[in-house]
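Asker: Here it is, the structure, as structure tokens.
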Amino acid sequence: MRLLTALCMLALSAWALAKPEFLVAFEDHYKPAVGSAADTAKCRNCHTDPPAHNDYGKAVMQAMRDQKKEAPDADVFAAVEKMKADDGKTFGSVLPGRLGKVSEAATAPPSAPQLFPAHSFHPTIVHFPIALFLFGAFLEFFGKFRKADGMRSAAWYCLLAGALSSIPTVALGFTAAIRLGYGLTGKAQTHMLFALAATGCMLAIISMRRKGPLDTTGYWIALLIGAGLVGLAGHLGGTLVFG
């Protein structure tokens, strides 16, 4: 059982750290130089305010539709290079400048700061507060319905772990948003505001609950609101990555 749990955690961590499919295909095909505009842009190569596409992203999507493909490949990229952006320039004439080297410093071997990935480990830990708090809320409601004190005791530890783990998760989320180029506007801003609201609500709930099980109307309403905010913040975060 322990081995199975460890394998599941390893699989979930690998999935969480995976790059979006388009970015993998783009980097494999063009191999942008370290420090180039295309290398530093990451998801912004085809997005403006994710999941919204810029001119290039729209062209890629159109080429995929024209070729009836679900993922970009060499043929898709070749077709896109012949297309024109709103400024009248073909993407094929613009890409070389974005893919090339920008300076010796930019193409130097990775230094110590680069060992800290651009996603800032946000996707590594973001699932813990979501899963723990929502499962804790479920145990609270189910434990009350079944009059099971043991279940509500387990709920407390899930709620506590979920609330506390949300603090570093939000902090790393801010860092990732800035380093990946999302900024603090648009959908990224909405996601972060709901994440902050969810964190505040979770901390308030464990503060209310810390002395033992509660059965007040205010507590149950707060728990429902907290669970809703956690779920909504998670959903908005997912749309930033997967659309």
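Asker: Using the Cβ atoms and a cut-off under 14 Å, what net charge is assigned to the surroundings of Gly150, where Lys and Arg are +1 and Asp and Glu are -1? Don't skip to the end; give the middle numbers.
Answerer: Numbers: positive: Lys144, Arg146, Lys147, Arg152; negative: Glu140, Asp149.
Neighbourhood net charge equals +2.
Asker: Could you list which residues have their amide H under 5 Å from that of His53, counting only those 5 or more apart in sequence or on another chain, with H placed in the peptide plane?
Answerer: Those lying under 5 Å, H to H, from His53 are Thr48.
Asker: Could you work out the local net charge near Glu140, counting Lys and Arg as +1, Asp and Glu as -1, over the other residues with Cβ closer than 12 Å to its Cβ? Can you show the working numbers first?
Answerer: Details: positive: Lys144, Arg146, Arg152, Arg209; negative: Asp149, Asp215.
Computed value for this residue: +2.
Asker: So, one more: Sticking with the crude label model, points 7 Å out along Cα→Cβ, report the distance from Leu23 to Thr217 in nm, one decimal please.
Answerer: 4.8 nm
Asker: Roughly how many nanometres apart are two label points built 7 Å out from the Cα toward the Cβ at Thr90 and Ile225?
Answerer: Taking the simple label geometry, Thr90 and Ile225 are separated by 5.9 nm.
Asker: Can you put Asp73, Asp86 in order of Cβ neighbours within 10 angstrom, beginning with the fewest? Write down the numbers at each step before the final one.
Answerer: Numbers: Asp73 14, Asp86 8.
Going from sparsest to densest Cβ surroundings: Asp86, Asp73.
Asker: Something else now. In whole Hz, what ³J(HN,Hα) sequence does region 151-160 give by Karplus (6.51, -1.76, 1.60; θ = phi - 60°), x for Gly and Pro?
Answerer: So the J values, rounded to whole Hz, are 5, 6, 5, 5, 4, 4, 5, 5, 5, 5.
Asker: Arrange the following residues from fewest to most other Cβ atoms within 10 Å of their Cβ: Trp156, Trp220. The partial results should precede the final answer.
Answerer: Details: Trp156 18, Trp220 15.
The fewest-first ordering by Cβ neighbours comes to Trp220, Trp156.
Asker: A follow-up question, please. Mind running the shape call on region 204-243? Use the C-alpha gyration tensor, a ≥ b ≥ c as the square roots of the eigenvalues: rounded below 1.5 for a/c, prolate if a/b tops b/c, oblate otherwise.
Answerer: Details: a/c = 5.46, a/b = 2.99, b/c = 1.83.
Note, shape of region 204-243 comes out prolate.
Asker: Moving on to the next point. Can you give me the long-range amide H partners of Gly35? Hydrogens built in the peptide plane at 1.01 Å from N, cutoff under 5 Å, separation of 5 or more residues or another chain.
Answerer: Close amide H contacts, sequence-distant or interchain: Thr40.
Asker: Going by how many other Cβ atoms sit within 10 Å of their own, how do Val60, Val34 line up, fewest first? Mind dumping the intermediate values first?
Answerer: Details: Val60 23, Val34 14.
Taking fewest neighbouring Cβ atoms as first place, the list is Val34, Val60.
Asker: In sequence order, what are the phi-derived ³J(HN,Hα) couplings for region 204-218 according to the Karplus relation 6.51 cos²θ - 1.76 cosθ + 1.60 with θ = phi - 60°, rounded to whole Hz, with x for glycine and proline?
Answerer: In residue order, the calculated couplings are 5, 5, 5, 5, 5, 8, 4, 8, x, x, 10, 10, 7, 4, x Hz.
Asker: Is region 122-242 best put as rounded, prolate or oblate by its Cα gyration tensor, with a ≥ b ≥ c the root eigenvalues, rounded for a/c under 1.5, and otherwise prolate when a/b is larger than b/c, oblate when not? It would help to have the intermediate numbers written out before the result.
Answerer: Values: a/c = 2.49, a/b = 2.32, b/c = 1.07.
Judged from the Cα gyration tensor, region 122-242 comes out prolate (a/c at least 1.5, a/b above b/c).
Every number here is computed from the coordinates shown, using simple stated rules; none is lab data. Small disclaimer: the values here were computed from a predicted structure and weren't measured. So basically every Cβ, Gly included, is an ideal-geometry build from the backbone, and we count neighbours across all protein chains shown.
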